[in-house]
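Shown next, in structure tokens, is the structure this report addresses.
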Amino acid sequence: MGWLFYEELFFMLAFAGYIVASIAFFVLLVSSKEKVGKFAVAATSVGFALHTVAMFVRIIESGRLPFSNQYEFANSFTWGIVLCYLAIHFYYRFTAVGAFVMPLAFLMMGYASLLPRHVRPLMPALQSRWLTIHVGTAVVSYGAFAVACGLSVLYLLNSKKSQDNQKKKLLPDQEAVDFLSYRVAAFGYLMLTIVIVSGAIWARSAWSRYWAWDPKEVWSLITWLIYSVYLHLRFNRGWKGKPAAWFSIIGFACVIFTFIGVNMFLPSIHSYV
């Protein structure tokens, strides 16, 4: 049995862990039982540990970081989502946010499971130190935007109805959720800026131009502009609440289209990523 077998084994175990965690988080919202929340976080943590092992096996198998094709990036994207959620949970103890983030993680991992997993040599254009910076920051950026989107969905759903005392204890304060969504989106925006700048520098060395109006470049710029407007309105106009939450959700929809939609519907020199 080769490395590919062990990678697939740990990948599927992690996938199962994320599904269990997503179900447990849903049960948490319905039951408001603290023990269910602890189990959901534990399942997420175990799934993340198994996922990390699967990625390390992939690195050993390929001899490089797993950033070179659609499967590897979808897999890394999922890992980034869960990493950002766990960081938020253990720092702020916002357990219920997992109910709106983990389904995104397991759906993205489900998408990755449908893609070819063959290990191929890097294309000449990808044989650059900029690959790690460009794609690595994209993983963190997209993961942060996913968590910000989950926080925004939580804000919208939580603002629609009054909660009983148990629900109020379970769900974070509305203002705290709103502010945290803003902070996480701002972090994702910083990482996305690095993605675009490093991509331009890389393109200059690989193709002798900084910008070619490639569909993925264009949609990355559109996403960056949407979050620029969002942060400008928050910082300079005091924008918050439902409008800001919807803006955050729309921004993440653009992230998903940039990652999946462009590859599926628009011819692009980034189609192998």
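The values are calculated or read from the model by the stated rules, or taken from the named source; none is laboratory data. Computed from a predicted model, the values in this text were never measured in an experiment. With ideal geometry, Cβ positions are generated from the backbone for all residues, glycine too; neighbour counts draw on all protein chains shown.
Observations on the structure shown:
- V97 being in a helix (DSSP H, G or I) and out of contact with any Pro (no Cβ under 8 Å at 6 or more places or on another chain): no
- Residue in the range 215-230 that is under 19 Å from W130 (Cβ atoms), outside the structural domain of A74 (by TED's automatic domain parsing) and charged (D, E, K, R) present: yes
- Any hit, the range 144-160, residues being outside any helix (DSSP H, G or I) and modelled with pLDDT under 80: yes
- Residue in the range 48-59 that is part of a helix (DSSP H, G or I), assigned by TED's automatic domain parsing to the domain that holds T95, more than 30 Å from R93 (Cα to Cα) and among the hydrophobic types (A, V, I, L, M, F, W, C) present: yes
- Restricting the range 174-199 to residues that are among the small types (G, A, S) and crowded, with 16+ Cβ neighbours inside 10 Å, the residue that is nearest to L156 (Cα to Cα) is S181.
- Of residues in the range 83-115 being free of Cβ contacts under 8 Å to residues at least 40 places away in the same chain and not aliphatic (A, V, I, L, M), the one surrounded by the fewest Cβ atoms within 10 Å (Cβ to Cβ): Y91
- Sole residue being in a loop (DSSP other than H, G, I, E, B), crowded, with 20+ Cβ neighbours inside 10 Å and either in contact (Cβ under 8 Å) with a residue 60 or more places away in the chain or of a type in the set (A, V, I, L, M) (or both), chosen from S68, S128: S68
- Top-ranked residue in the range 1-55 [being hydroxyl-bearing (S, T, Y) and more than 17 Å from V82 (Cβ to Cβ); ranked as surrounded by the most Cβ atoms within 10 Å (Cβ to Cβ)]: S32
- With respect to the conditions (1) closer than 19 Å to H118 by Cα; (2) in contact with a Lys or Arg (Cβ under 9 Å, 6 or more places away or on another chain), Q70 falls short on a single one, namely (2).
- The range 32-55, residues that are of a type outside the set (A, V, I, L, M) and either farther than 25 Å from F145 by Cβ or in contact (Cβ under 8 Å) with a residue 40 or more places away in the chain (or both): S32, K33, E34, K35, G37, K38, F39, T44, S45, H51
- Contacts under 9 angstrom Cβ, first residue in the range 5-20 being in the same structural domain as K38 (by TED's automatic domain parsing), partner surrounded by fewer than 18 Cβ atoms within 10 Å (Cβ to Cβ) and hydroxyl-bearing (S, T, Y), 6 or more apart: F10/T52; F11/S113; M12/S113; A14/T52; F15/S113; G17/S45
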